[in-house]
Amino acid sequence: MEKGLISVDRWTGHSQAYFLTHLHSDHTQGLSSSWAKGPIFCSRLTAKLFPFKFPGFNLSLLRLLAVGTWHSISLVPPSSASSSTLQVMPIDAHHCPGAVMFLFRGEFGCLLYTGDFRWETTSKWAEIGRTMLLNALKDDVVDILYLDNTYCNPSYAFPSRAIVAQQVIDIIVSHPEHDIIIGIDSLGKEDLLLHISHELKIKIWVWPERLQTMHLLGFHDIFTTKTSLTRVRAVPRYSFSVETLEGLNTMHPTIGIMPSGLPWVVRPLENGDKLFGSLLTSRYIRSKCSGNGGNHTEKPNGNLGSVEKFHKYIYSVPYSDHSCFAEIEDFVKLVQPTNMKGIVSSSSCYVDPLYYFGRLCGAYQSAQSLPHNKRKERVERVLAVNNKTTFRCGASAGLERKRAMTVKVKSSGIHVSRMSALRRKKRGAKIEENNRPN
């Protein structure tokens, strides 16, 4: 694909068409309410949320794409006077509301750009997505897979979101006299909050701007801004800190829960503080009173093990909207691309997915079937392509701490954005940056 034809999650430079996977801020760096460079293609739900994220945006520039449907776009390559047809299908990325992957098809071949995604093999939604992707691909081979490699390391192994959501319920039930603070972003983790509300039959407090987002998503009766109505509050990540929780505990017993694929703090407590009941296996027993008011109580099963706290006021639970290592491997096995490239890049902690999954790529498999001298030639040619498509790391690590970096894929012409290096590191006890993997 020629340079300057399309851009994905990149808003610098010039292209004929721009594609947005989702509205998290690390994917919208450079996009603003005054945008006028060209049309933006996105999912219907992302378009619905767009005016709230970018007030005053010229909505006529948005092009809505139905998930699971092929769309044809006519573009004129810079090197040719004749138009070329690009086909694109959005596929649910199961990351946050509106998030999609983009499957591109055209004269350049077939490309799949995952954006941020969660590929839970046990989820019914993942099964729908799997069927949709396979039906879309048919006999096509994905020439390049642009992969969310946030947790592309075997050390990142965490359970499904459904299991972790139950862990959160167990924590809350184990602290019946405490207020509960849950750190979330401005978009995402809605399913977790809905699960808590449904299981415990309570409302969830959110801040005013988050309540507007919830209403846009169609949730009108579950969330509130009145603290008197609930003891469970979802707060912005940037306000979630040890200092905040220590201050709250001077007024009322409070615990914090940080849902993230990354450990929120480096070391657990050493004083042996335990949670009553196993977070992995326990279930609470709900008994409803038959008296007036219909009140009910929940109790953990107990005696099923224990879990260490990371701080006397804080639990870190592995509820992530990114795929863990095993899920990434399953996805690559399913797609079987000829080549792949990670979209999350940094000078200090970037892991090229080819390091772990190169053996699953068609180019490498073909190379293994050749005689030794031909194999070496083929591999060198593939590596040359890899070097050609390497993400540029043009800024210092110091700048990475201040803003999301931009990178460019030279061979395909698709521009992508990347996360700061700090988004992939253990930060100790306090979260200081809002744009983190989760």
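Worth a mention:
- Residue that is nearest to ASN58 (Cα to Cα), among those in the stretch 7-39 that are open to solvent by 40 Å² or more (accessible area, probe 1.4 Å) and within 24 Å of the chain's Cα centre (by Cα): SER33
- Qualifying residue in the stretch 70-88 (condition: part of a strand (DSSP E or B), touching a Pro at 6+ places or on another chain (Cβ under 9 Å) and open to solvent by 30 Å² or more (accessible area, probe 1.4 Å)): yes
- Residue, most open to solvent (accessible area, probe 1.4 Å), within the stretch 121-139, restricted to residues that are assigned to a loop (DSSP other than H, G, I, E, B) and over 16 Å from PRO90 (Cα atoms): ASP139
- Boolean, PRO154 is in contact with a Leu (Cβ under 8 Å, 6 or more places away or on another chain), part of a loop (DSSP other than H, G, I, E, B) and in contact (Cβ under 8 Å) with a residue 60 or more places away in the chain: no
- Within the stretch 165-198, tally of residues that are outside any strand (DSSP E or B) and under 16 Å from the mean Cα position of the chain (by Cα): 8
- Answer from ASP191, ASP148, ASP143, ASP179 - the residue that is acidic (Asp, Glu) and open to solvent by less than 10 Å² (accessible area, probe 1.4 Å): ASP148
- Residues that are in contact (Cβ under 8 Å) with a residue 40 or more places away in the chain and farther than 14 Å from VAL100 by Cβ, drawn from the stretch 29-45: GLN29, GLY30
- Selection of strands (runs of 3 or more DSSP E) fully inside the stretch 282-374 by the criterion of at least 2 residues being out of contact with any Pro (no Cβ under 7 Å at 6 or more places or on another chain) and modelled with pLDDT under 50 returns 284-288, 296-300.
- Counting only residues that are of a type in the set (Phe, Trp, Tyr) and crowded, with 19+ Cβ neighbours inside 10 Å, the stretch 40-56 holds 2 of them.
Rundown of residues vs (1) modelled with pLDDT of 95 or more; (2) touching a Cys at 6+ places or on another chain (Cβ under 9 Å); (3) aliphatic (A, V, I, L, M); (4) closer than 26 Å to GLY106 by Cα, yes/no style:
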residue: MET1; (1), (2), (3), (4): no, no, yes, yes
residue: ASP9; (1), (2), (3), (4): yes, no, no, yes
residue: THR21; (1), (2), (3), (4): yes, yes, no, yes
residue: HIS24; (1), (2), (3), (4): yes, yes, no, no
residue: SER33; (1), (2), (3), (4): yes, no, no, no
residue: PHE41; (1), (2), (3), (4): yes, no, no, yes
residue: HIS71; (1), (2), (3), (4): yes, no, no, yes
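- Of the residues making up the stretch 35-48, not a single one is farther than 30 Å from PHE219 by Cβ, of a type in the set (A, V, I, L, M) and in contact with a Gly (Cβ under 9 Å, 6 or more places away or on another chain).
- Filtered residues of the stretch 97-120 (kept if hydrophobic (A, V, I, L, M, F, W, C), under 30 Å from LEU194 (Cα atoms) and part of a loop (DSSP other than H, G, I, E, B)): ALA99, PHE117, TRP119
- A count restricted to the stretch 209-233 and to residues that are over 17 Å from ILE172 (Cα atoms), open to solvent by less than 60 Å² (accessible area, probe 1.4 Å) and not aromatic (Phe, Trp, Tyr) stands at 9.
- Inclusion of LYS138 among residues that are among the basic types (Lys, Arg) and closer than 20 Å to GLY188 by Cβ is not warranted.
The values are calculated or read from the model by the stated rules, or taken from the named source; none is laboratory data. This one's a predicted model, so the numbers in the text were calculated from it and none came from an experiment. Cβ atoms come from the backbone with ideal geometry, glycine included; neighbour counts cover every protein chain shown. Keep in mind that these areas ignore ligands, DNA and RNA; they rest on the heavy atoms of the full protein, side chains included. Shrake-Rupley method; radii C 1.70, N 1.55, O 1.52, S 1.80 Å.
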